[in-house]
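Here the structure comes first, spelled out in structure tokens, and everything after it is commentary.
The values are calculated or read from the model by the stated rules, or taken from the named source; none is laboratory data. These numbers were taken from a predicted model, which means no experiment stands behind them. Neighbour counts are summed over all protein chains in view; Cβ atoms, including those assigned to glycine, are modelled from backbone coordinates with ideal geometry. To get the accessible areas, we keep the full protein, side chains included, count just its heavy atoms, and leave off ligands, DNA and RNA. Shrake-Rupley method; radii C 1.70, N 1.55, O 1.52, S 1.80 Å.
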Amino acid sequence: SLRHFANGLFELLESLGLLSALSIRYDGHSTMAKELAQGVQRLQLARSEKNVCPTRPAADAPSILLIVDRRADLVTPLLTPWNYQSLLHELFTIHNGRIKIPMDVSVPTSQSPSASASGNEYVLGDD
């Protein structure tokens with residue numbers, strides 16, 4: 001239920017020390033986003049009434065929690081290819097099928113049959 005998600009989200013924000021200057025924004029057209037935001041706000045109010053000290057001092061700029069309902073935008077996940085090659089490109093950048101991995105990044109010794117390695121440069125196969 002949303003109460004379970006609100007509790008988990010609140011605990012995450014509390015562990016990160018982001019509750020002292022938290023601003024919550026959500027899509028007004030989504031009842032689920034509104035209920036989740038209100039649940040976090042209730043927990044935040046209950047915490048402040050208990051006068052519990054924040055885990056970290058308030059940041060200079062307020063933290064913003066943005067709650068987005070994925071049902072409002074069904075196309076975006078389909079536009080982004082989420083596979084290992086796109087993840088590698090996002091992290092290290094692929095140029096002409098080659099990835100140069102920084103020396104401080106550990107790479108497992110077992111390799112995929114579709115990739116060959118030379119030093120810290122990996123060549124992706126056609127698979």
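List of remarks:
- Here is the figure for the range 30-52: residues that are closer than 12 Å to I67 by Cβ and either in a loop (DSSP other than H, G, I, E, B) or open to solvent by less than 40 Å² (accessible area, probe 1.4 Å) (or both) total 6.
- The number of residues in the range 4-20 being open to solvent by 30 Å² or more (accessible area, probe 1.4 Å) and either under 20 Å from the mean Cα position of the chain (by Cα) or without any contact (Cβ under 8 Å) to a residue 24 or more places away in the chain (or both) comes to 11.
- Among the residues listed as R56, R71, the single one being basic (K, R), modelled with pLDDT of 80 or more and either surrounded by 11 or more Cβ atoms within 10 Å (Cβ to Cβ) or more than 30 Å from I101 (Cα to Cα) (or both): R71
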